[in-house]
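Only the coordinates and a few stated rules stand behind these numbers; no lab work does. Just so it is clear, the structure is predicted and the values come from calculations on it, not from any experiment. Positions of Cβ are backbone-derived with ideal geometry, glycine not excepted, and every protein chain shown enters the neighbour counts.
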């Protein structure tokens with residue numbers, strides 16, 4: 001399985017997990033803590049990840065890991 005296929009599979013897993021909670025995942029409205037921080041946001045105090053899907057890692061030694069994803073309404077912009 002190539003890295004491109006892993007990314008497509010991970011998006012599908014995220015979409016399915018978000019749909020279970022009635023959330024419309026668009027591909028840009030759920031991110032990890034580090035992704036939000038890179039974009040200039042941090043989770044609000046006491047926020048827990050909205051979903052924690054088991055996603056595949058990239059590279060030669062693929063494995064599944066639990067990843068916490070936050071919604072846009074759970075983060076604030078930092079200065």
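What is the helix-to-structure angle for 3-20, meaning the angle in degrees between its Cα long axis and the longest Cα principal axis of the chain, kept from 0 to 90 and rounded to the nearest 10? The helix 3-20 is inclined about 50 degrees to the chain. When the Cα atoms of the chain are aligned to their principal axes, the ranges along those axes come out at 39, 28, 19 Å in descending order.
Protection proxy ranking of 64-73, 19-28, 45-54, by the mean of other Cβ atoms within 10 Å over each peptide's residues and highest first, is 64-73, 45-54, 19-28. A Förster distance of 30 Å, applied to the separation of the beta-carbon atoms of residue 23 and residue 58, puts the FRET efficiency at 0.75.
Could you give the length gained by full extension between residue 76 and residue 37, i.e. 0.36 nm per residue of separation minus their alpha carbon distance, to one decimal place? Before the final figure, lay out each step's value.
On the way: separation 39, 0.36 × 39 = 14.04 nm, distance 0.98 nm.
Full extension of this stretch gives 13.1 nm more.
Label sites at residue 66 and residue 11, each approximated as a point 7 angstrom past Cα along Cα to Cβ, lie 2.7 nm apart.
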